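Quick note: the coordinates plus some simple rules give every number you see, no bench work behind them. These numbers come from a predicted model, not from an experiment. With ideal geometry, Cβ positions are generated from the backbone for all residues, glycine too; neighbour counts draw on all protein chains shown.
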Amino acid sequence: MFDALLLEKTDAGFVAGVQALDESRLPEGDVTVRVEYSTLNYKDALAITNRSPVVRAWPMVAGIDGAGEVVESSHSAWRRGDRVIHNGWGAGETRWGCLAGMARLNGDGLVRVPGSMTTRQAMAIGTAGYTAMLCVLALERHGVQPGHGDVLVTGATGGVGSVATAVLSRLGHAVTCATGKPSEADYLQRLGARHVIDRAELSAAGKPLQKERWAAVVDAVGSTTLANALAQTRYGGVVAACGLAGGHDLPTTVMPFILRGVTLAGVDSVYAPIALRREAWSRLARDLDPAALESMIEDIGLSDAIDKAQDLMAGRVRGRVVVEV
Ligand code: NDP
C-alpha cells in the first residue's frame with residue numbers, strides 16, 4: 001500500500017483527498033519508482049483545486065513531477081536503486097502522477113538525478129525550474145549572452161520566475177524582476193535581481209512599440225504583460241514565453257517582429273524531447289546556486305498539499321513548494 005493524493009469525480013462532484021492505494025492499482029509502465037519527493041507546480045494547483053480541466057481521466061493521482069528511487073525496471077536504461085526525475089509527459093493529467101509514495105512510469109521519459117543533486121533539490125526545481133532553464137536555453141539558442149543588456153523576468157516570485165532570476169543572474173545577466181509582491185524585493189535581490197519593478201507597469205494595455213528596454217525576456221505571465229514585454233524588447237531581442245499566470249490571450253501586433261526583429265520563442269516542458277531535458281537538468285546542476293535554491297523552498301507533507309494548492313492559486317506562495325511523500 002502507498003499514500004496518494006487522489007482526485008475523483010463522484011456523484012457529489014469533485015473530491016481531492018489522500019488515500020492509501022494498493023500497488024496493484026498502479027498503471028502500466030516499465031519502471032516502478034518509490035517517490036521520495038514531489039512538488040506543487042501551477043498546473044498541479046489547477047488540478048487539485050479543479051480550477052481548469054487539467055485532469056482528463058478519472059480517478060487521477062495528482063502530481064506532474066516526482067523524484068525517487070527505482071524499485072523495479074524492465075527498461076534497459078534503468079536498474080533498481082537508480083535515482084530518477086520525472087517531469088510532465090501527461091502525469092497527473094492523463095496518467096497517474098507522482099504526488100504518491102509509488103509511481104509507475106515510462107523509462108524513456110526519465111532523467112537521472114545529476115550526481116551532486118538530492119531528490120529534494122530536484123523537486124525544489126521541479127517542472128517550474130526545469131522550464132525556467134528551458135527558457136534560458138531558448139534565449140541562448142537565439143544568441144543572447146551576458147552583457148547584451150537587461151533581461152526581464154515576469155511572475156518573478158513564482159517558481160519559474162525565481163529559478164530564472166537565480167540562473168540568469170549567476171550567468172552574469174542583469175536581471176529586472178517584475179512582481180506583484182513589492183514586499184519580496186529583498187528575496188528577489190538575494191536571488192540576484194539587479195532591479196525590481198511593479199508588475200502593474202506591464203499589465204495595462206500599451207502601445208505596439210514602446211521604449212526599448214530589454215535584451216531578452218522570460219515571461220511566465222502572458223496576456224498584456226507579454227504584449228508589453230514584446231513592445232519594450234530591443235532591436236533583435238528574444239522573448240521566451242512559457243506561462244499564462246495572467247491570462248492565455250496575447251493582445252499584441254506584428255510591430256515588434258517586423259520593425260525590431262524581435263523573436264518570440266515558445267517553451268513547452270511537458271513533451272520536450274529527452275535530449276533537451278537532459279541538457280536542462282545538467283545545466284541546472286551547474287548554473288543554479290544550491291543556496292539560492294534553498295531560499296526558495298517551502299517543505300510540506302502530502303496531507304498539506306490540498307490547502308497549499310489553494311494558496312498557490314491565490315498567489316500566496318513564494319518560490320517553490322516541495323512535498324515529502
Ligand atoms: P507560480 O504560481 O509559482 O508563479 C506564478 C507567478 O506569476 C506568481 O507568483 C505571481 O508572481 C505571478 N502572477 C500570478 N497571477 C498573476 C496575474 N494575474 N497577473 C500577473 N502576474 C501574476 O507558477 P509557476 O512559476 O510554477 O508557473 C508560472 C506559469 O508558467 C504558469 O502559468 C504555468 O502554467 C506556466 N508553466 C508552463 C510550463 C510550460 O511547459 N510551458 C511549465 C511550467 C509552468 P508575482 O507575485 O511575483 O508577480
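I need the peptides 201-209, 182-190 ranked by packing, meaning the mean over residues of other C-beta atoms within 10 angstrom, with the highest value on top.
182-190, 201-209
Take the eigenvalues of the Cα gyration tensor for segment 180-309, scale each by 5, and report the square roots as semi-axes in whole Å, largest first.
The answer is 29, 19, 16 Å, longest axis first.
How about segment 1-70: which trypsin sites (Lys or Arg not before Pro) there lie in a loop by DSSP and see at most 13 other Cβ atoms within 10 Å?
Of the trypsin sites (Lys or Arg not before Pro), the ones in loops of segment 1-70 whose Cβ has at most 13 other Cβ atoms within 10 Å are Arg51, Arg56.
Cα-based Rg (one decimal) and Dmax (whole number) for the chain, in Å?
Using the Cα atoms of the chain, the pair Rg, Dmax is 19.5, 60 Å.
Measure up Lys9/Lys43; Lys43/Lys207; Lys181/Lys211 against 27 Å on the Cα-Cα distance and list the ones that go over.
Lys43/Lys207
For the chain, what is the percent of antiparallel DSSP beta bridges, rounded to the nearest 5?
The answer is about 55 percent antiparallel.
Scan the chain and note any complete DSSP helix (H) whose C-alpha atoms cover at least 20 Å along its axis and whose Kyte-Doolittle average is 0.5 or more.
In the chain, the long hydrophobic H runs are 119-141.
Take the alpha-carbon centre of segment 205-263, take the same for segment 1-43, and report the distance between them in whole Å.
Spelled out, the Cα-based centre of one part sits 38 Å from the other.
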